[in-house]
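This report refers to the structure that appears directly beneath it.
What follows is calculated from the coordinates using simple rules that are stated; it is not laboratory data. Everything numeric in this text was worked out from a predicted model, so none of it was measured.
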Ligand code: BG6
């Protein structure tokens, strides 16, 4: 069963209840095609295979994390689905949350232990304290354009862009803000995790914080931003960028192909547990209730731009 499972916590529980009347839990495969992407799986394997990198991933060193899934495409004739779902349910609940979980989960081998650990990481995310939910989430819609799509209401308030903030209780990441954003009809297709490290304590002119970009889609690659001193008697710095493309080498199957093959072999590591899906709805339900209120702003942005200026 492909994501999204339901449209909120309650509908997800109802679907699960009906499914388990007909199937055993181990016969049900909840599919998120992002978990079939080699680049997304690599978030975990980069950590596993690079102890040096893994040691850098902790709250004393990191300032914030950005998880971005920007799409250049619009709704591609899928108004019948998208009008009732919107970007928040379509992209955040599963794809973006899974990327956050893979980045923060405890490294552990074995299919079930792995899923357990991924679930635990997801459950550790929470909404930061705020006076109003508008401080934590912002929605947008591309226009003119979206409301002119066939099958879309002329006064539609469906979001095609969302930006939000989360924190996690996972000890190594405690206090690090996670900013998630995703939208349709933006400048370019790019899926990226950017980890921005704390600013250096002694700052010379021109220096900026270190950053690690893991670009999963678009021009997939990794980029490390360091600073190097320029010539002269005064310490003045310029960025030194180390980068390399991330390419899949070996048996590179398209995501659904790979996942279906694994399902045939009963391999469940990269399928969602019901409890993971449930945890994501539980976390995000208050935000989606808020986004649906007529009083919650819906910011318009031009197609092909970087999203709402707000
Ligand atoms: C799907 C959404 O799950 O993911 C689509 O329903 C979205 O709206 C797509 O465009 C993005 O996937 P990808 O693989 O192109 O990043």
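Annotations
- Cα-based shape type of the chain, given that a ≥ b ≥ c are square roots of the gyration tensor eigenvalues and the cut on a/c is 1.5: oblate
- Descending principal axes extents, region 154-296, alpha-carbon based, whole Å: 62, 50, 40
- Based on alpha carbons, the Rg and Dmax found for region 88-236 are 19.4, 65 Å.
- From its DSSP helices (H runs of at least four residues, each -39,500 (n - 2.57)), the chain gives a residue-normalised ellipticity at 222 nm of -9000 deg cm²/dmol.
- Shape call, region 1-157: gyration tensor on alpha carbons, a/c limit 1.5: oblate
- Cα-based shape type of region 81-151, given that a ≥ b ≥ c are square roots of the gyration tensor eigenvalues and the cut on a/c is 1.5: oblate
- DSSP-defined antiparallel bridges as percent of all bridges, the chain, nearest 5: 75
- With Cα atoms defining each centre, region 179-237 and region 74-92 are spaced 31 Å apart in the structure.
- Residues considered: 279, 220, 73. Largest GNM mean-square fluctuation over the chain, using C-alpha springs under 10 Å, is found at 73.
- Of all DSSP beta bridges confined to region 121-242, the antiparallel ones make up roughly 95%.
- Each pair of Cα atoms in region 143-228 enters the Kirkwood radius, and Stokes-Einstein at 10 °C and 1.306 mPa s then converts it into a translational diffusion coefficient of 97 µm²/s.
- Dimensions in Å of region 223-298 - Rg and Dmax from alpha carbons: 23.5, 65
- In the elastic network of the chain, a GNM with C-alpha springs shorter than 10 Å, the most mobile of 249, 224, 40 is 249.
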